[in-house]
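Just so you know, all these numbers are worked out from the coordinates, no wet-lab data involved. Everything numeric in this text was worked out from a predicted model, so none of it was measured. Using ideal geometry, Cβ is built from the backbone for each residue, glycine included, and neighbour counts are taken over all protein chains shown.
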Amino acid sequence: MNATQPRWNVSTVADVARLEMGQSPDGQATNTNGKGTPLIGGAADYDDRGIEASRYTTQPTKICREGDLILCIRATIGKVAVADKAYCLGRGVAGLRPSKVTSDFLRHFLNSQAKAMDEAGTGTTFRQIDKKTLSSWPIPLPEPKEQDRIVAKLDSLLERSKNARKELARISGLVERYKQAVLESAFNGRLTAHMREDHAETCIDSIPKTWTWSRLGDLCEAIVDCPHSTPEWTEHGEICIRTTNFKPGMLDLTKVRYVSWETYHKRNARLTPQVGDVVYSREGGILGIACQIPDRVKLCLGQRMMLMRSNPSSYSSALLMYFLNSPSTLATVRKMTGGTASPHLNIGDVKNFRVPVPPLEEQVQIVTIIQRLFTAADKTELHRKKAANLIDRLDEATLAKAFRGELRV
């Protein structure tokens, strides 16, 4: 401790709070229909606002009461929230009832220790911090008035960070709306109006006079459905994409699964994916998302998707991908599948999509402009993420200074 730091006493978590490790209730007594006591099992039950239980139990084991702190001790270690009512504490959490410190002081302290606690966790499948480690965790003990001053200062500073995050979060929505506006302009002719002498005039059907309409099926050399069976996964081998890899306009291959060489050939029997082909999600939570097969990758199709290969003499593959992600197409999909218990599209639905067809030269220009505008928008989103990360680091530094006694209050 240097000369500028206060001389605080140091105690342990178990000495300043009653610690209750969670215990999983009987699985047969657990439900999702709201019967019994809400159950907090781990990190999945935390959100930005605090706690949001999705399961209940009629045979609760360990119970916390309103005002207790609930600390995540398994998998994602260190998340903490204040209980707004009584909860059953599952195996992945612990309850803390402060005695010698205020609840707010202990909450801020636990937040300051989240990274260190995570590093202290042990285990192979799921990292977990045990009761002995948590009980003996050291905590500084300023005088009560000093505790109150630290809490007040942290509340003020962290509220500013929270507000900054809210404003930054708005940028993501603005970027997405901007992209959708670009795509809307791309397929009604406004994006390339400068290329046409009669750019002020449009057909009765809301596209330029030099454009035509076509069925999507007539613009493609092939549209095939994926196999309807779950592949047999292997530890290594050939990449098999799933709809979880789909992002609008981009195939995300950071997390993939593999199949054997034999499975790869069986699943590609109808059509082997090639660079530039379009894959399209036809059912599930991300229904109607299109992306292209990237360069230098060999893969096969999982479930719930289609593979399309456009005819290059009729329609640009990249433009087809953008069309499928455009607001008008997404609206068509919602109209066709809305209200169904398991929304999905079949190949016949997709082949009958009505597609605006510009001249080939204009198609190239549309794709070029979309890519340029999207690149600029993506840079804005990247800057937003960097700013959000800086705020997180600032909060970590602020909390660390507070409990070293270096935060001016």
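Tabulated results
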item	result
Centroid-to-centroid separation of segment 342-382 and segment 96-142 [C-alpha atoms, Å]	50
Mean residue ellipticity (222 nm) of the chain, computed from DSSP H runs ≥ 4 via -39,500 (n - 2.57), nearest 500	-11500 deg cm²/dmol
Those lysines that a straight Cα-Cα span of less than 20 Å connects to Lys166, excepting residues fewer than 8 apart in one chain	Lys79, Lys379, Lys385, Lys386
Spacing of the two label points (7 Å from each Cα toward its C-beta) at Asp118 and Arg177, in nm	3.2
Sparse-neighbour loop sites [trypsin sites (Lys or Arg not before Pro); segment 99-199; at most 15 other C-beta within 10 Å; DSSP]	Lys100
Protection proxy ranking of 359-365, 283-289 - average other beta-carbon atoms within 10 Å, highest first	283-289, 359-365
Exposure proxy ranking, count of Cβ atoms within 10 Å, fewest first, for Ser281, Ser172, Ser136	Ser136, Ser172, Ser281
Two-site FRET efficiency, Asp225 against Arg49, from Cβ-Cβ distance with R₀ of 45 Å, rounded to 0.05	0.60
Estimated FRET transfer efficiency when R0 is 41 angstrom, pair Arg160-Gln23 (beta carbons, to 0.05)	0.60
Relative exposure of Glu52, Glu238, judged by other C-beta atoms within 10 Å (fewest first)	Glu52, Glu238
Pairs of Lys in segment 213-357 closer than 30 Å at Cα, counting only those 8 or more apart or on different chains	11
Ascending count of other beta-carbon atoms within 10 Å, so fewest first, for Cys240, Cys226	Cys226, Cys240
Farthest positive-ward along segment 346-386 dipole, Cα basis, beta-carbon charges - from Val350, Ile370, His383	His383
Long-range amide H partners of Leu141 with built H, under 5 Å	Asn9, Val10, Ser11
